[in-house]
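Q: Dumping the structure here so I can ask a few things about it.
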Amino acid sequence: MPEEIETSTVYIIQQPRPKENGWTPNFEPATKYGKLATIFDSSERTYADPTAARKKLSSKLATFDSNKDYLLWANFGDPASLWLTIMVLVATGRTKIKFLYWSRGKTATGMSNENGFYFPVELDVTNLAK
């Protein structure tokens, strides 16, 4: 029987709302780092009820593994979702947090999302207060 391979998860902190023209970020390149899971949908506002948001985060991130999982913030939505996500992970003892950072690609006419890519950035919060 083949050994089961443990898959990483990319937690999209908040599903972005489509822009007026219908555009939303393409998360397909992030699947290179793991399966996608969304924490908050586009209509949720964590600032309005941070207690409920904290409970949801604690549940959704219960199995977050700092060694293999990633957070992805699409830079759309309620910024409080990002802050609270980091706070919940740190409060539950995670000292390393990996993010996927989007880098726009270059074309002959300038910067473009079409050939952009994600790359991992790791934050170690162990010594931030020092």
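The values are calculated or read from the model by the stated rules, or taken from the named source; none is laboratory data. Keep in mind it's a predicted model, so treat the numbers as computed, not measured. Because the Cβ atoms are built from the backbone with ideal geometry, glycine has one as well, and the counts that use them run over all protein chains shown. Note: accessible area is taken over every heavy atom of the protein model, side chains too, but ligands, DNA and RNA are not part of it. Shrake-Rupley method; radii C 1.70, N 1.55, O 1.52, S 1.80 Å.
Q: Any idea what the dipole of the range 1-101 comes to, in debye rounded to 20, about its Cα centre with Lys/Arg Cβ at +1 and Asp/Glu Cβ at -1?
A: Details: 13 positive and 11 negative charges, 57 e Å.
Roughly 280 debye for the range 1-101.
Q: I want to verify a result. In a Gaussian network model of the chain, Cα cutoff 10 Å, which of these has the top mean-square fluctuation: LYS60, LYS32, LYS19?
A: LYS19
Q: Keeping to pairs on different chains or 8 or more places apart, tell me how many lysine pairs in the chain have Cα atoms under 24 Å apart.
A: So the count of such lysine pairs works out to 25.
Q: For the range 1-97, which whole percent of the accessible surface, found with a 1.4 angstrom probe, sits on carbon and sulfur atoms?
A: Details: 3040 of 5840 Å².
Of all accessible area on the range 1-97, carbon and sulfur atoms account for 52 percent.
Q: Then there's this: With an 8 Å cut-off on Cα pairs and a minimum separation of 6 or more residues, tell me the relative contact order of the chain in percent. Please report the intermediate quantities before stating the final value.
A: Values: 196 pairs, mean separation 32.3, N = 130.
Here the relative contact order equals 25 percent.
Q: Quick one: net charge of LYS55's neighbours, Cβ under 14 Å, K/R +1, D/E -1?
A: Numbers: positive: ARG54, LYS56, LYS60; negative: GLU44, ASP49.
Neighbourhood net charge equals +1.
Q: Only loop residues by DSSP count here, and only those with at most 10 other Cβ atoms within 10 Å; note down the GluC sites (Glu not before Pro) in the range 1-98 that meet that. Before the final figure, lay out the partial values.
A: Values: sites: GLU3, GLU4, GLU6, GLU20, GLU44; in loops: GLU3, GLU4, GLU6, GLU20, GLU44.
Those satisfying the criteria are GLU3, GLU4, GLU6, GLU20.
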